[in-house]
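Notes follow once the structure below has been shown.
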Amino acid sequence: MEREITRKVDNKTILDKFVEDFVQVVEKYCKYIIVLGFVAIAHGRSRGTEDIDMIIERISKDQFINLHNSLINSSFECVQSEKPEEIYNDYLIKGDSIRYTRAGINMAPPEMELKLAKDELDDYQISTRQKFPFTDLDVYFSSIEMNIAFKEELLKSDKDLEDAKHLRIIYREDLNEEEINKIKEKIKKLRLKK
């Protein structure tokens, strides 16, 4: 039996549609990127996920309140709180992520896990963001090199290493290994403190 989240509607999965609908709201207020597992899934890797990871540029509390209210008006809800000031002060500013689901779905997947950019590495990811025609999605992703570097250098789970391998196969003729190594060095410096 096909999982509900992978069922296709208008040639898109429920996960794809959720991402595109969410992004349509976010991009009115700030720059963003989709990162991690969904990048590999969007490129055809068969693996389960019920959440999508998004990093947005650092924005002020007032900008976030406007973004949050627009998400609410577009039938999304925040899992942590209904109060945007509380969400911003108690979660986002402290470096924690927040989660949004479709309103009225009783916290069922999919979920968007959203966090603010936290350092120059996240700023770099956002500044080098890309859309990939291969995915058939109108959303910005962090670069393939960025995804490979994070999965191979920082995350390193079996699932992440398989994601990196999958992306390496798809983009084997277009990969910039020098860029991957540069990003890995930044990861060591900023995230691993080596």
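Structure values in brief
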quantity: From E57, E50, E85, residue being touching a residue at least 40 places away in the same chain (Cβ under 8 Å), farther than 24 Å from K17 by Cβ and not hydroxyl-bearing (S, T, Y); calculated: E57
quantity: First in region 167-194 and more than 23 Å from A42 (Cα to Cα), second anywhere and part of a loop (DSSP other than H, G, I, E, B), Cβ under 6 Å, 6 or more apart; calculated: K188/K194; L190/D119
quantity: Some residue of region 101-113 being farther than 26 Å from I14 by Cβ and either out of contact with any Asp or Glu (no Cβ under 6 Å at 6 or more places or on another chain) or surrounded by 20 or more Cβ atoms within 10 Å (Cβ to Cβ) (or both); calculated: no
quantity: Of all residues in region 36-63 being more than 27 Å from Y91 (Cα to Cα) and not charged (D, E, K, R), the one that is surrounded by the most Cβ atoms within 10 Å (Cβ to Cβ); calculated: A40
quantity: Filter pass, I169 being assigned to a helix (DSSP H, G or I), modelled with pLDDT of 95 or more, β-branched (V, I, T) and crowded, with 16+ Cβ neighbours inside 10 Å; calculated: no
quantity: Hey, L192 outside any helix (DSSP H, G or I) and at pLDDT below 95 or not; calculated: yes
quantity: Leading residue by the ranking (nearest to L155 (Cα to Cα)) among those in region 21-79 that are in a helix (DSSP H, G or I) and at pLDDT below 95; calculated: G37
quantity: Of residues in region 107-150 being in a loop (DSSP other than H, G, I, E, B) and among the acidic types (D, E), the one farthest from I169 (Cα to Cα); calculated: D119
quantity: Test: T128 is of a type in the set (V, I, T) and surrounded by fewer than 16 Cβ atoms within 10 Å (Cβ to Cβ); calculated: yes
quantity: Per-region count, region 78-134, residues within 15 Å of the chain's Cα centre (by Cα) and β-branched (V, I, T); calculated: 4
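The values are calculated or read from the model by the stated rules, or taken from the named source; none is laboratory data. Since the structure is predicted, the reported quantities are computational estimates derived from the model, not experimental observations. So basically every Cβ, Gly included, is an ideal-geometry build from the backbone, and we count neighbours across all protein chains shown.
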